[in-house]
Amino acid sequence: MHRCEAIKRQVLSKPEKSLQVNNFSFISIAWILTLFIGSFIGAILSYVYEKDTRKIIQELGLSPLTGPRAYTDALWMYVWIIKLISLLVVFLKTNEWNLYKRSIASDVCLTILFFIEYSIVIMIHDKTDFKISGHGLLLTMCTSFMQMEGELNSALTYRKEVKMLCSTVIVLNFYIFFWTALGYHPLLEALSGSILGLFSSYLVYSSFNR
């Protein structure tokens, strides 16, 4: 292997490992803060108005502002469209394909794992009174996906367009989850879905050394 290429790979591999830990630490802290802030505001509103927070949202006509259903229903399609754009940019515009292609397997694995876990979540809800937040699971896993993709693309291409696109999805996910925690799921339900999604994402990306 050419000496310069070997040095480049060595330099890139170290930031990726520290980046993984830093990314998940930041996402986890920000997600839990969003959860507790949303739940706290929801509890205050419920106390003041003496009714369920979801009913308050509906009566005030705020339901359309809590996040479009079309977005969450097709979120995996959107993140994979961005993944395809990122893949094409790296493949066509750089010489870093061998470094980038390792990310494909981990992202496929994360996607498959979500649908397995979501099926289990539905089964638990059908058999018990407890409901793990499907939105918490979906949004955390897709946010982790987009965070890793944006950072990887930026590191390999030295450009910010794909990272900005990923960041837009991340911000929108946080926004929707805020409303989810505020009015659509009790604290324990939202927390369980979030922890499951964050832990699953970390487990997958750690296993693939990303």
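The values are calculated or read from the model by the stated rules, or taken from the named source; none is laboratory data. Just so you know, these numbers come straight off a predicted model, no measurement behind them. Methodologically, a virtual Cβ is constructed for each residue, glycine included, from the backbone with ideal geometry; neighbour enumeration extends over all protein chains shown. In case anyone asks, the SASA skips ligands and DNA or RNA and just uses the protein heavy atoms, side chains included. Shrake-Rupley method; radii C 1.70, N 1.55, O 1.52, S 1.80 Å.
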Among the candidates Gly61, Gly42, Gly67, residue that is out of contact with any Cys (no Cβ under 9 Å at 6 or more places or on another chain), modelled with pLDDT of 90 or more and within 28 Å of Leu138 (Cα to Cα):
Gly42
Report yes if Ile104 is assigned to a helix (DSSP H, G or I) and at pLDDT 95 or above, otherwise no.
yes
Search result, residues across the stretch 154-210 that are open to solvent by less than 30 Å² (accessible area, probe 1.4 Å), among the aromatic types (Phe, Trp, Tyr) and modelled with pLDDT under 95
Tyr205
Hey, among Phe24, Phe114, Phe36, which residue is open to solvent by 70 Å² or more (accessible area, probe 1.4 Å) and either part of a helix (DSSP H, G or I) or assigned by the TED database to the domain that holds Ser200 (or both)?
Phe36
All positions within the stretch 20-73 that are within 17 Å of the chain's Cα centre (by Cα) and of a type in the set (Phe, Trp, Tyr):
Phe24, Phe26, Trp31, Tyr71
Would you say Val121 is farther than 20 Å from Leu196 by Cα and open to solvent by less than 20 Å² (accessible area, probe 1.4 Å)?
no
Of all residues in the stretch 39-93, which are free of Cβ contacts under 8 Å to residues at least 12 places away in the same chain, closer than 26 Å to Glu151 by Cα and open to solvent by 90 Å² or more (accessible area, probe 1.4 Å)?
Asp73, Met77, Leu84, Phe91, Leu92
